[in-house]
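Participant: Before I ask anything, here is the structure I am working with.
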Amino acid sequence: GGGGDYDLRWFTPKMEVDMCGHATLATAHVIYNTHSPPNRLTFHTRGGALQTELDGGGGIQMSLPAQEKDSKPNMVPVVADALGVTPQRVLWKEGQRHGLAVLPSPSDVSSLAPDLQKVADLPFGGVICAAEGQPEGEDGFDFVYRYFAPGSGIPEDAATGSAQCSLVPYYAGELGRAKLRSAQLSPRRADFTTVFEGGRVLVSRQAC
């Protein structure tokens, strides 16, 4: 690294992955707090260049590439069998790490108990399980989600920033607005504020 540019790689217990948003956030947090870098950092990764900036409110904003997906109605039965609930839609683009299963309600997301072996056998490396939320009020969210990737050595991830690359373009289109709030309903819980802008997903979150 130097001048705000760094090379960055990520590894699960089983493999190297192309992108890991939360680990990027944590890396930026360490650099900002132990060095004297410029406000904008650029991380050169297998998934492309990722940038972070201090947002002025004590948090860090990441700029990630948006990942559009194609509807895969033929995959609904096999994903339903793995999750134990029938998704309204399954979206995926071959070559992408995440598949997206859109579930009927937030309670379907929070109560999920998937068959992890069947999830591991799906053609994508991990499945994002999401549902439209209730945005009204201070504690409201536009969507909620969980992420399972047992084939990569991650039965359930606690905070998956890279999932926002798929979720934000989808829900920005569904809800007709660019700024979104979301909650990852893992046992540890993670909340995100995002903006869909110019083919990029801007993710704001406190590093922890």
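The values are calculated or read from the model by the stated rules, or taken from the named source; none is laboratory data. Quick caveat: nothing in here was measured; it's all calculated off a predicted structure. Virtual Cβ from ideal backbone geometry, glycine too; neighbours counted across all protein chains shown. We work out accessible area using only protein heavy atoms, side chains counted, and drop any ligands, DNA or RNA first. Shrake-Rupley method; radii C 1.70, N 1.55, O 1.52, S 1.80 Å.
Participant: Are any residues in the range 160-207 outside any strand (DSSP E or B), within 12 Å of residue 145 (Cα to Cα) and hydrophobic (A, V, I, L, M, F, W, C), and if so, which ones?
Facilitator: Correct list: 163, 167, 168, 185.
Residue-wise test of (1) buried (at least 20 other Cβ atoms within 10 Å of the Cβ); (2) free of Cβ contacts under 8 Å to residues at least 24 places away in the same chain; (3) more than 17 Å from the chain's Cα centre (by Cα).
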residue	(1), (2), (3)
100	yes, no, no
105	no, no, yes
113	no, no, yes
121	no, no, yes
140	no, no, yes
165	yes, no, no
173	no, yes, no
176	no, yes, yes
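Participant: Can you give me the number of residues within the range 53-70 that are at pLDDT 95 or above and either open to solvent by 60 Å² or more (accessible area, probe 1.4 Å) or closer than 17 Å to residue 151 by Cβ (or both)?
Facilitator: Within the range 53-70, residues that are at pLDDT 95 or above and either open to solvent by 60 Å² or more (accessible area, probe 1.4 Å) or closer than 17 Å to residue 151 by Cβ (or both) number 1.
Participant: Taking the stated definitions as given, is residue 114 at pLDDT below 95 and in a loop (DSSP other than H, G, I, E, B)?
Facilitator: Here the answer is no, as residue 114 does not meet what is asked.
Participant: Oh, and also: Just checking, how many residues over the range 147-177 are more than 18 Å from residue 116 (Cα to Cα) and not aliphatic (A, V, I, L, M)?
Facilitator: Of the residues in the range 147-177, 12 are more than 18 Å from residue 116 (Cα to Cα) and not aliphatic (A, V, I, L, M).
Participant: Here are some conditions: (1) of a type outside the set (Gly, Ala, Ser); (2) closer than 21 Å to residue 202 by Cα; (3) open to solvent by 60 Å² or more (accessible area, probe 1.4 Å). Residue 157 meets all but one. Which one does it not meet?
Facilitator: With (1) of a type outside the set (Gly, Ala, Ser); (2) closer than 21 Å to residue 202 by Cα; (3) open to solvent by 60 Å² or more (accessible area, probe 1.4 Å) applied to residue 157, the lone miss is (3).
Participant: Here's a follow-up. Only residues that are open to solvent by 50 Å² or more (accessible area, probe 1.4 Å) and in contact with a Leu (Cβ under 8 Å, 6 or more places away or on another chain): list them for the range 40-52, please.
Facilitator: Within the range 40-52, 44, 51 meet the criteria.
Participant: May I pose another question? If a residue must be open to solvent by 60 Å² or more (accessible area, probe 1.4 Å) and either within 14 Å of residue 152 (Cβ to Cβ) or charged (D, E, K, R) (or both), how many such residues does the range 16-39 contain?
Facilitator: Selection size over the range 16-39: 1.
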